[in-house]
1. Could you tell me how many of the residues in the stretch 85-94 are without any contact (Cβ under 8 Å) to a residue 24 or more places away in the chain and open to solvent by 40 Å² or more (accessible area, probe 1.4 Å)?
2. Within the stretch 192-201, can you find the residues that are under 20 Å from TYR76 (Cβ atoms) and open to solvent by 60 Å² or more (accessible area, probe 1.4 Å)?
3. Within the stretch 17-53, take every residue that is among the hydrophobic types (A, V, I, L, M, F, W, C) and open to solvent by 60 Å² or more (accessible area, probe 1.4 Å) and give me the one that is modelled with the highest pLDDT.
4. Keeping to the stretch 211-264, report how many residues are part of a strand (DSSP E or B) and hydroxyl-bearing (Ser, Thr, Tyr).
5. Based on what the data block shows, is PHE181 modelled with pLDDT of 95 or more and not in a loop (DSSP other than H, G, I, E, B)?
6. Of the conditions (1) within 15 Å of the chain's Cα centre (by Cα); (2) surrounded by fewer than 17 Cβ atoms within 10 Å (Cβ to Cβ); (3) at pLDDT below 95, TYR241 satisfies every one except a single condition; which number is it?
7. Within the stretch 164-175, restricting attention to residues that are within 19 Å of the chain's Cα centre (by Cα) and open to solvent by 50 Å² or more (accessible area, probe 1.4 Å), which residue is modelled with the highest pLDDT?
8. Counting only residues that are within 23 Å of ARG83 (Cβ to Cβ) and either open to solvent by less than 30 Å² (accessible area, probe 1.4 Å) or not small (Gly, Ala, Ser) (or both), how many does the stretch 116-163 have?
Amino acid sequence: MNTVAKDLRSHPLELELGLEPKPQCAAAPGAAADPLARRVGAIDWFDVEEELNRYGCAMLRNLLSAQECGALTALYAHEELYRSRVVMARHGFGRGEYKYFAYPLPQRVAQLRAELYPRLVPVANRWNEVMNIDVRYPAVHGEFIERCHAAGQMRPTPLILQYAMDDYNCLHQDLYGEHVFPLQVAILLSEPGEDFTGGEFVMTEQRPRMQSRTEVVPLGKGDAVVFAVHHRPVQGTRGVYRVNLRHGVSRLRSGHRHTLGVIFHDAA
């Protein structure tokens, strides 16, 4: 390992697997011109990968401004923007509802997909490598969407979720088809303690022959959590194995809560 690599922080999983620590990505061209691109470029993506390796999730603080959160929340009333509406109780998913955007996506939603995806591709490809999964993901999100569409996964998956008092989201996985990008992002659009109480983002991880581990992520308005969609690698005494993850939202005690879900694969 060279001198620069020694100075970088690294999670034990990378060291035990013989992987060199990775520096954070360079800012994308034009990032200085757009506030969201600047925020994405300023994130310590090396830290994000360390958190993902340790826990299967990582927070992205202040990804969206309060104004952006308000603008996205206001879109929920515009039915023409969506391809479908799901009332969770009808399907046993919990209580509350969500709507999937139709193409073309709103500009900010499309930009979030395009900006976040290339930052997460290195993690996704390294995870697949150590889990002996043959799939590798292209560097550009548009190329991955072309792969989804060629396989018949044509329906966009970004969505806004709406919860009221006593609503909740059961633990689940957002898979949707053969082609699945292994990481996704949820962004809280409401203010905890003001707009709602309760309603925490929760994730469970099931390791073989062990009880499930629970992670509660304390998001604020405009904060995001990036997390594993299905499984992630864990270093064990006999090598790397896969652990299964599910995510959901605990019961709201009061108020209303809106969340933007950014899923990078499309649905069949």
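1. Within the stretch 85-94, the subset without any contact (Cβ under 8 Å) to a residue 24 or more places away in the chain is 85-87, 89-91.
With open to solvent by 40 Å² or more (accessible area, probe 1.4 Å) added as a condition, the list becomes 85, 89-91.
Of the residues in the stretch 85-94, 4 are without any contact (Cβ under 8 Å) to a residue 24 or more places away in the chain and open to solvent by 40 Å² or more (accessible area, probe 1.4 Å).
2. GLU194, ASP195
3. Let us first name the residues in the stretch 17-53 that are among the hydrophobic types (A, V, I, L, M, F, W, C), namely 17, 19, 25-28, 31-33, 36-37, 40, 42-43, 45-46, 48, 52.
Cutting the leftovers down to open to solvent by 60 Å² or more (accessible area, probe 1.4 Å) gives us 26-27, 32-33, 42.
Working: ALA26: 42, ALA27: 43, ALA32: 52, ALA33: 69, ALA42: 96.
Restricting to residues being among the hydrophobic types (A, V, I, L, M, F, W, C) and open to solvent by 60 Å² or more (accessible area, probe 1.4 Å), the top hit is ALA42.
4. Narrowing the stretch 211-264 to residues part of a strand (DSSP E or B): 213-217, 224-228, 231-236, 239-249, 252-255, 257-262.
Now restrict to residues that are hydroxyl-bearing (Ser, Thr, Tyr): 214, 241, 254, 259.
The qualifying residues number 4.
5. Details: modelled with pLDDT of 95 or more: yes; not in a loop (DSSP other than H, G, I, E, B): no.
In short, no.
6. Answer for TYR241: the failing condition is (1).
7. Filtering the stretch 164-175 down to residues within 19 Å of the chain's Cα centre (by Cα) leaves 168-175.
If we keep only those that are open to solvent by 50 Å² or more (accessible area, probe 1.4 Å) as well, we get 168, 171, 175.
Values: TYR168: 98, LEU171: 94, LEU175: 89.
Residue satisfying both the conditions and the ranking: TYR168.
8. Applying the first criterion (within 23 Å of ARG83 (Cβ to Cβ)) to the stretch 116-163 yields 116-117, 141-163.
Checking which are either open to solvent by less than 30 Å² (accessible area, probe 1.4 Å) or not small (Gly, Ala, Ser) (or both) leaves us with 116-117, 141, 143-149, 153-163.
Residues that pass the stated criteria total 21.
The values are calculated or read from the model by the stated rules, or taken from the named source; none is laboratory data. Nothing here was measured: the structure is a model prediction, and the numbers come from that model. Methodologically, a virtual Cβ is constructed for each residue, glycine included, from the backbone with ideal geometry; neighbour enumeration extends over all protein chains shown. Side chains are part of the model used for accessible areas, which takes the heavy atoms of the whole protein and leaves out ligands, DNA and RNA. Shrake-Rupley method; radii C 1.70, N 1.55, O 1.52, S 1.80 Å.
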